[in-house]
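Below: the structure, in structure tokens.
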Amino acid sequence: MAQYAGRGVHGQTVEVIARRILSGEIAEGATLNLAALQEELDVSLTALREALKVLTAKGIVDARQKRGTFVRPRSDWNLLDGDVIRWQFADGADPRLLDKLQEVRAIIEPAAARLAAARATADDLAVLDAALHDMADAHADPGAAVAADLAFHRALLAATHNELLVRMEVVMETGLAERDRLVHGHGDGHDDPVPSHRAVVDAIRGGDEGAAETAMRELLAKAVRDVEKLREQRSPAAANERAKR
């Protein structure tokens, strides 16, 4: 499903309601008070209903006669939808969600690297090389670093020439972007990402499927360590320890 790209009052209405539901502020099973929401958000009933249609399409809400519009169980939500993932990160990175996304990446990307080593064309390699070049040029620019990393992983999926895997980019990119913003935006400095990404490209260029898979597993393991290191630095115990120095 395509990501929601609404803007203006309509888009803001969708965002507000979605974030309240996904954060738990509006509980599963709760019936929405449309009149109260309309007054609070200062929108027309038509605009509110249009916003709810977006959330209905993502499995988050539904409507029934006599019951009204209500929040569906989380098990019904389209959790692989890029917007649903993004909304869950809206008020800060959820460690549990980051861990789940890392598990998804660990399943998908090593296999994607193996397929890319068998199927990548010269054009695919050119796009991967360009992403590496941008990654090297990003230096201390967190925004550029995130963009380059996203471009790399998007190109990796494209190089599999499997249209179903390519569609996973919505899930991968949303989670990866949040992870990258967390790590690259911290400002403490982190290991140069280029060598680990170049190892994957070199293996793909050489057509070595096993090496490509191994290199991607090592890259992902490094990504996990980066997040764990940041968590340790941000934990209260770590903060107290630094304060004693």
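Considering only protein heavy atoms, with the full assembly of protein chains and a 1.4 angstrom probe, order 196, 75, 44 by accessible area, largest first.
Result, largest first: 75, 44, 196.
State, as an integer percentage, the relative contact order of the range 94-235 based on alpha-carbon contacts under 8 Å between residues 6 or more apart.
35
Rounding to the nearest 20 debye, state how big the charge dipole of the chain is about its Cα centre with +1 on each Lys and Arg Cβ and -1 on each Asp and Glu Cβ.
900
Among 216, 132, 199, whose Cα projects farthest towards the positive end of the dipole of the range 94-235, with charges put on the beta-carbon of Lys, Arg (+1) and Asp, Glu (-1)?
216
Computed FRET efficiency, Cβ-Cβ of residue 56 and residue 106, R0 45 Å: what is it to the nearest 0.05?
Numbers: r = 33 Å, r/R0 = 0.72.
It comes to 0.85.
Report, to two decimal places, the Cα Rg of the chain normalised by 2.2 N^0.38 Å (N = number of residues).
On the way: Rg = 20.9 Å, N = 245, 2.2 N^0.38 = 17.8 Å.
Cα Rg divided by the expected 2.2 N^0.38 Å: 1.17.
If you stretched the chain out fully between residue 97 and residue 232, how much longer would it get, using 0.36 nm times the residue separation minus the C-alpha to C-alpha distance?
Values: separation 135, 0.36 × 135 = 48.60 nm, distance 1.73 nm.
Result for the pair: 46.9 nm of gain on full extension.
Give me the distance in nm between label points sitting 7 Å out from Cα along the Cα-to-Cβ direction at residue 118 and residue 42, one decimal.
In this crude spin-label approximation the distance works out to 5.9 nm.
Need one word for the range 93-175: rounded, prolate or oblate. Basis is the Cα gyration tensor (sqrt eigenvalues a ≥ b ≥ c); a/c below 1.5 gives rounded, then a/b vs b/c decides. Display every interim value, and only then the final one.
On the way: a/c = 2.34, a/b = 1.07, b/c = 2.19.
Oblate is the answer for the range 93-175, as a/c is 1.5 or above yet b/c matches or exceeds a/b.
Would you mind estimating how fast the range 9-76 diffuses translationally, via Stokes-Einstein at 20 °C and 1.002 mPa s with the Kirkwood radius over Cα pairs, in µm²/s?
181
Given a 1.4 Å probe and the protein chains all in place, what does the accessible area of residue 67 round to, in Å² to the nearest 10?
Counting only protein heavy atoms, the figure is 110 Å².
Applying 1/(1 + (r/R0)^6) with R0 = 41 Å to the Cβ-Cβ distance of residue 134 and residue 28, what FRET efficiency is obtained, to the nearest 0.05?
It comes to 0.45.
For n ≥ 4 DSSP H runs only, could you compute -39500 (n - 2.57) per run for the chain, divide by its residues and tell me the 222 nm figure to the nearest 500?
Working: 12 runs with 172 residues, N = 245.
Only helices count here, giving -23000 deg cm²/dmol.
Within the chain, which whole H helices from DSSP have a Cα span along their axis of at least 27 Å and a mean Kyte-Doolittle hydropathy of -1.0 or more, if any?
Helices meeting the criterion: 95-119, 209-234.
Calculate the length of the line joining the C-alpha centroid of the range 122-162 to that of the range 60-93, in whole Å.
32
Let's test the formula: R0 of 41 Å, r as the Cβ-Cβ distance of residue 167 and residue 35. What FRET efficiency results, to the nearest 0.05?
Calculated transfer efficiency: 0.55.
Tell me the relative contact order for the chain as a rounded percent, counting alpha carbon contacts under 8 Å between residues six or more apart.
Values: 267 pairs, mean separation 45.9, N = 245.
The value is 19 percent.
The values are calculated or read from the model by the stated rules, or taken from the named source; none is laboratory data. If you're wondering where the values come from, they're calculated on a predicted model, not measured in any experiment. Here the Cβ is made from the backbone with ideal geometry for all residues, glycine too, and neighbour counts use every protein chain on show. Keep in mind that these areas ignore ligands, DNA and RNA; they rest on the heavy atoms of the full protein, side chains included. Shrake-Rupley method; radii C 1.70, N 1.55, O 1.52, S 1.80 Å.
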